[in-house]
Amino acid sequence: MSRFSGALQLTDLDDFITPSQECIKPVTIDKTKSKTGAKITVQADGYYEESDSGKQKLQKVEITLQDCLACSGCITSAEGVLITQQSQEELLKVLRENQTLKTTDESKEARIIVFTISTQPLLSLAHRYQLGVEETARHLAGYLRQLGADYVLCTKIADDLALLECRQEFVDRFRDNPELGMLSSSCPGWVCYAEKTHGTFILPHIATTRSPQQIMGVLVKQLLAEKLGVSGSRIYHVTVMPCYDKKLEASRDDFYSEVNESRDVDCVITSIEVEQMLQTEEQTLQQYAPSDFDWPWTDQQPESLIWAHEATMSGGYAEHIFKYAAHELFSEETPNELQFKALRNRDFSEICLEKDGKILLKFAIANGFRNIQNLVQKLKRGKTAPYHFVEVMACPSGCINGGAQVRPTTGQHVRELTQQLEEMYKQLPRSDPDNTHTKQIYTEFLGGAHTDKSEELLHTKYHAVEKLNTALNIKW
């Protein structure tokens with residue numbers, strides 16, 4: 001047992017981890033051409049090897065998403081990683097090529113471009129351009145249509161489905177083994193860390209329910225494709241997300257459909273990248289004509305485009321599942337507004353359901369890698385899990401403070417900005433996942449809970465990654 005407390009061990013641990021030595025991708029060198037006594041020089045257009053035989057430009061190395069997923073080094077992606085397929089440049093290239101097909105080449109079918117926007121980037125962009133959240137949604141929809149979007153959707157339907165399926169997964173697990181403890185899985189940074197660092201020990205605890213992004217991918221590539229009468233491979237699906245790790249998630253082999261011969265999500269762009277695209281064009285968001293969302297691919301428009309899920313800023317998993325489990329397992333009703341008790345910091349809080357002095361349910365929310373690491377250590381030390389369910393997010397304050405949200409530009413502290421975004425989130429109307437439209441898709445398209453189709457399309461698997469035998473700057 002360690003002689004130090006978890007808090008002491010983790011005082012110099014950063015919540016945002018950048019690439020380390022293990023991010024270096026080796027380049028194959030032809031030894032027959034390599035000369036001794038050569039030196040490397042750095043010039044404006046690249047690196048050069050200079051030797052007695054002359055000067056030769058060295059090969060440029062690009063790190064792809066697949067390289068990141070195969071590596072067991074860094075935990076989260078970062079700005080410094082060169083991403084070749086999940087970038088604004090690649091997106092704009094696809095949109096230009098598609099527009100050319102529509103106007104000049106009738107022999108080839110153009111792709112159907114679908115954008116899906118999550119809630120947190122809308123809050124970030126609303127603050128950036130000093131607009132209301134609904135205004136931001138409509139102006140962003142207009143901007144994306146101007147770029148070439150055929151359909152613009154939001155993630156609400158997928159958020160609802162994720163909660164419906166995750167709550168059922170928790171209840172089933174609890175009835176089978178209440179001592180196992182379940183950890184949420186919608187944060188790809190956390191999942192990547194778990195697979196690469198704690199492997200087979202932690203993976204049985206993680207919920208298998210897909211994230212809203214990947215559920216939306218299934219709906220777009222299968223349900224929408226079916227309604228349009230096209231194959232899923234003809235749809236190019238782009239999501240707008242608050243963190244870079246969503247790019248890694250979309251690139252997992254688990255989310256490649258052999259039937260459609262395509263990924264469920266083809267490209268992910270972030271809040272910062274949307275801002276950069278607008279800056280490149282020297283435009284602001286409000287300069288684009290507003291447009292409604294396709295909700296979601298029907299003529300029926302809701303009273304609001306943007307919805308919150310419970311009070312927390314990362315999908316409301318802990319709150320929603322706590323309420324549902326209390327009623328379903330113990331016939332106990334809970335308040336609409338749950339009061340989580342903050343522990344050592346505001347990013348780690350818990351709530352209990354007690355009856356006759358006995359704890360029936362104990363849930364927690366753990367945001368940021370310091371809290372995640374302390375949680376994992378508790379799991380390793382104890383014979384039983386310290387909580388029945390934990391909502392886990394890699395970023396401090398959760399998704400609303402995602403690593404790819406627009407940063408403060410006027411010297412404002414990020415914590416102050418996060419608090420302002422939280423207040424904006426609290427003003428949004430609350431979604432009830434048990435609404436008629438979501439339930440209709442859940443039953444008609446997916447077959448409801450405990451069916452082979454819902455198990456296949458709403459769940460995923462995790463994979464322990466063998467550790468490389470190299471030195472890390474940070475030891476877990």
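The values are calculated or read from the model by the stated rules, or taken from the named source; none is laboratory data. Since the structure is predicted, the reported quantities are computational estimates derived from the model, not experimental observations. Positions of Cβ are generated from backbone atoms using ideal geometry, with glycine treated the same way; all protein chains shown enter the neighbour counts. Note: areas computed on protein heavy atoms with side chains; ligands, DNA, RNA excluded. Shrake-Rupley method; radii C 1.70, N 1.55, O 1.52, S 1.80 Å.
Given the C-alpha atoms of the stretch 244-376, compute the convex hull and give its volume per residue in Å³. Intermediate results must be reported in sequence, preceding the final value.
On the way: hull volume 31.6 nm³, N = 133.
Residue-normalised Cα hull volume stands at 238 Å³.
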Practice problem: Calculate the spin-label point distance for ARG407 paired with GLN427, positioning each point 7 Å from the Cα along the beta-carbon direction, and give it in nanometres. | Solution: 2.7 nm
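Which of the peptides 327-337, 110-120 is most tightly packed, and how do the rest follow, going by the mean number of other Cβ atoms within 10 Å of each residue? List each step's numbers first, then the result.
Values: 327-337: 11.5, 110-120: 24.3.
For the peptides 327-337, 110-120, the packing ranking is 110-120, 327-337.
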Self-check item: DSSP-defined beta bridges in the stretch 214-371 - what % are antiparallel, rounded to 5
Solution: 75 percent
Quiz item: What is the projected area of the convex hull of the Cα atoms of the stretch 89-242, averaged over all directions, in nm²?
Solution: 12.1 nm²
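Top to bottom by accessible area (1.4 Å), largest first, where do CYS166, CYS395 land? All intermediate terms of the calculation are to be shown ahead of the outcome.
Working: CYS166 5, CYS395 25 Å².
My answer, sorted largest first, is CYS395, CYS166.
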Practice problem: Please turn the phi angles of the stretch 233-243 into ³J(HN,Hα) values with the Karplus equation 6.51 cos²θ - 1.76 cosθ + 1.60 (θ = phi - 60°), one per residue in order, whole Hz, x for glycine and proline. | Solution: 5, 7, 9, 9, 9, 10, 10, 10, 10, x, 8
Self-check item: Loop-resident sites, the stretch 87-127, for GluC sites (Glu not before Pro), counting at most 16 other Cβ within 10 Å (DSSP)
Solution: GLU106, GLU109
Quiz item: Hey, which of these cross-link pairs are over 21 Å Cα-Cα: LYS156/LYS246; LYS362/LYS439; LYS227/LYS439; LYS341/LYS383; LYS156/LYS227; LYS196/LYS383?
Solution: LYS362/LYS439; LYS341/LYS383; LYS196/LYS383
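Contour minus end-to-end for TYR256 and LYS355, with contour as 0.36 nm per residue of separation and end-to-end as the Cα-Cα distance? Show your work: numbers first, answer last.
Numbers: separation 99, 0.36 × 99 = 35.64 nm, distance 4.59 nm.
That pair, TYR256 and LYS355, stretches by 31.0 nm at full extension.
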Quiz item: When all protein chains stay in place, what accessible area (Å², nearest 10, 1.4 Å probe) is found for VAL42?
Solution: 110 Å²
Quiz item: Which FRET efficiency, nearest 0.05, do GLN99 and GLU455 yield, Cβ-Cβ r, R0 45 Å?
Solution: 0.70
Practice problem: Amide H neighbours of SER257 under 5 Å, at least 5 residues apart or on other chains, H built in the peptide plane: list them. | Solution: SER262, ARG263, ASP264
Exercise. Summarise the accessible area of the stretch 134-277 (1.4 Å probe, protein heavy atoms) by the percent that is carbon and sulfur.
Key: 46 percent
Quiz prompt | Lys/Arg +1, Asp/Glu -1 at C-beta; the stretch 334-422 dipole; positive extreme among GLY382, PHE340, LEU417 | solution = GLY382
Quiz item: Considering amide H positions built from the backbone, and no H for Pro or chain starts, which residues 5 or more places from ILE206, or on another chain, come under 5 Å of its amide H?
Solution: LEU183
